[in-house]
1. Quick one: how many residues across the stretch 11-68 are touching a Leu at 6+ places or on another chain (Cβ under 6 Å), among the hydroxyl-bearing types (Ser, Thr, Tyr) and farther than 23 Å from Asp105 by Cβ?
2. Identify the single condition in (1) in contact with a Leu (Cβ under 6 Å, 6 or more places away or on another chain); (2) without any contact (Cβ under 8 Å) to a residue 60 or more places away in the chain that Glu277 does not satisfy, given that it satisfies every other one.
3. Taking the conditions exactly as written (free of Cβ contacts under 8 Å to residues at least 24 places away in the same chain and surrounded by fewer than 18 Cβ atoms within 10 Å (Cβ to Cβ)), does Ala188 satisfy them or not?
4. Residues that are surrounded by fewer than 24 Cβ atoms within 10 Å (Cβ to Cβ) and at pLDDT 95 or above: list the helices (runs of 4 or more DSSP H) wholly contained in the stretch 85-178 that include at least 2 such residues.
5. From the list Ser263, Ser256, pick out the single residue that is of a type in the set (S, T, N, Q) and touching a strand residue (DSSP E or B) at 6+ places or on another chain (Cβ under 7 Å).
6. Taking into account only those residues within the stretch 13-45 that are outside any helix (DSSP H, G or I) and touching a residue at least 60 places away in the same chain (Cβ under 8 Å), which is surrounded by the fewest Cβ atoms within 10 Å (Cβ to Cβ)?
7. Within the stretch 269-278, is there a residue that is among the polar types (S, T, N, Q) and more than 19 Å from the chain's Cα centre (by Cα)?
8. Can you confirm whether Gln10 is in a loop (DSSP other than H, G, I, E, B) and either in contact with a strand residue (DSSP E or B) (Cβ under 7 Å, 6 or more places away or on another chain) or surrounded by 18 or more Cβ atoms within 10 Å (Cβ to Cβ) (or both)?
Amino acid sequence: MSHAVLFSPQGSQVVGMGRSLAESSTAAAAVYATADATLGWSVSDACWNGPRAVLDDTRQTQPCLVATGVAAFRALMATGVAAPSVVAGHSVGEYAALVAAGVLDLDAALRLVARRAELMATAAGAGDTDTAGGMAAVIGLGRDIVASVVAATAPPTDLVVANDNAPGQVVISGRLSALGAAEPALLAAGARRVIALPVSGAFHSPLMDGVAGGLALAFEHEAWRDAVIPVISNVTAEPVTDAARIRELLAEQVRSPVEWVRSVERMVGSGVDTMVECGSGAALVGMVRRIAPAVGTAAVNDASSLAAAVDLLGVPVEAPA
């Protein structure tokens with residue numbers, strides 16, 4: 001068996017995430033303690049108690065998701081399962097993947113993702129729909145059709161394809177006014193639904209151009225190491241281990257599409273036959289099942305699902321450390 005570990009994306013956050021893992025695994029609890037101490041505010045309280053309005057603010061969402069992803073991963077590793085052959089994170093989940101791969105220490109990743117969230121929130125804009133941004137999932141259409149409709153609706157400075165998540169699930173990103181204009185055209189082209197996502201900006205779009213430079217500056221203040229486990233880049237859908245290249249791609253990621261379909265296909269092509277999602281919910285598991293139905297999947301998001309993942313990976317189920 002060759003397995004990959006995946007880390008959950010923004011939009012998968014739920015109040016209560018990670019609490020069960022922290023209560024049952026000392027390894028997971030330690031991650032939240034580190035997050036609280038590193039950032040100077042209670043990441044654990046935001047994850048476990050919300051309220052939802054706080055958790056959905058990208059300045060809280062992103063650090064909370066990274067902490068939860070790493071907590072789930074460390075709870076999984078504490079059971080004695082083998083290390084993955086490759087890791088990948090969807091959007092903000094890529095920061096958790098870099099911790100798992102040994103590229104960044106947990107505290108460094110938390111500081112960087114907090115800075116990323118601050119920069120993205122500032123770039124997102126607020127107020128009227130001509131300046132504010134958002135994202136929407138288009139259900140039932142392929143990427144090429146969605147891209148064609150988007151191009152006919154608004155210029156690329158206002159609206160783009162942001163995530164190629166799975167067959168029939170494509171995310172678009174841009175100004176709220178452009179998103180509103182595109183919805184009827186997408187439905188007319190055959191989309192079953194167009195669903196606004198619980199994010200507070202037009203992430204993975206040109207509206208994030210200014211964020212990339214700010215991130216590159218922040219990256220200079222942390223220690224980076226070559227990956228001990230290859231990381232699949234959101235930008236290229238290719239495995240990367242070189243620290244300098246990882247930094248370059250990670251800065252670019254905020255304004256580039258997340259190539260998730262290609263990422264999963266690349267992992268399968270390299271021999272991965274099992275994928276385990278660590279984080280909140282099982283959004284990536286659902287995507288993998290649509291992209292590569294033959295791949296075995298599990299999601300680690302609480303004590304019960306942790307036991308199921310360990311069973312899938314072929315290790316006797318034991319109480320987590």
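The values are calculated or read from the model by the stated rules, or taken from the named source; none is laboratory data. None of these values were measured; they are calculated from a predicted model. Methodologically, a virtual Cβ is constructed for each residue, glycine included, from the backbone with ideal geometry; neighbour enumeration extends over all protein chains shown.
1. Within the stretch 11-68, residues that are touching a Leu at 6+ places or on another chain (Cβ under 6 Å), among the hydroxyl-bearing types (Ser, Thr, Tyr) and farther than 23 Å from Asp105 by Cβ number 0.
2. All conditions pass for Glu277, except number (2).
3. yes
4. Result: 106-124, 143-153.
5. Numbers: Ser256 fails: touching a strand residue (DSSP E or B) at 6+ places or on another chain (Cβ under 7 Å).
Criteria check complete, one pass: Ser263.
6. Only one residue tops the list, namely Val14.
7. Checked the stretch 269-278: at least one residue is among the polar types (S, T, N, Q) and more than 19 Å from the chain's Cα centre (by Cα).
8. Details: in a loop (DSSP other than H, G, I, E, B): yes; either in contact with a strand residue (DSSP E or B) (Cβ under 7 Å, 6 or more places away or on another chain) or surrounded by 18 or more Cβ atoms within 10 Å (Cβ to Cβ) (or both): yes.
In short, yes.
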